[in-house]
């Protein structure tokens, strides 16, 4: 496994351990624990982990393009620093941080890759 993938694996394992700890801390006393309680807590943990894993993998695997062309003007856009963008996926909403580009001619902004 490449070194950067090893870092991603460590990050994901730490998130999973944290989610499990949080879930276990939220469990009510054993006498009051119902199947519904267990399903709710485990379901929430699963959704949170899925969203966090998708976000981590997306940020890790996104390669920054060497150049971006404005769809309107067909000229090279300029980098304007990293920005956060909310993305709706099949499994929920995540927030990604990616390089933001602006066209020097028309001012159009973009978050490639699309």
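Taking the stated definitions as given, is residue 55 over 25 Å from residue 100 (Cα atoms), touching a strand residue (DSSP E or B) at 6+ places or on another chain (Cβ under 9 Å), touching a residue at least 12 places away in the same chain (Cβ under 8 Å) and surrounded by 11 or more Cβ atoms within 10 Å (Cβ to Cβ)? Lay out the reasoning, then the answer.
Values: over 25 Å from residue 100 (Cα atoms): no; touching a strand residue (DSSP E or B) at 6+ places or on another chain (Cβ under 9 Å): yes; touching a residue at least 12 places away in the same chain (Cβ under 8 Å): yes; surrounded by 11 or more Cβ atoms within 10 Å (Cβ to Cβ): yes.
In short, no.
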**Report entry** Residue among 48, 29, 37 that alone is under 15 Å from the mean Cα position of the chain (by Cα), more than 27 Å from residue 101 (Cβ to Cβ) and either surrounded by 10 or more Cβ atoms within 10 Å (Cβ to Cβ) or free of Cβ contacts under 8 Å to residues at least 12 places away in the same chain (or both)
**Finding:** 48
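Taken together, the values in this text are just the output of simple stated rules run on the coordinates, not laboratory data. Only a predicted model underlies this, so the values are computations on that prediction, with no experimental measurement involved. Neighbour counts run over all protein chains shown; Cβ positions are idealised from the backbone, glycine included.
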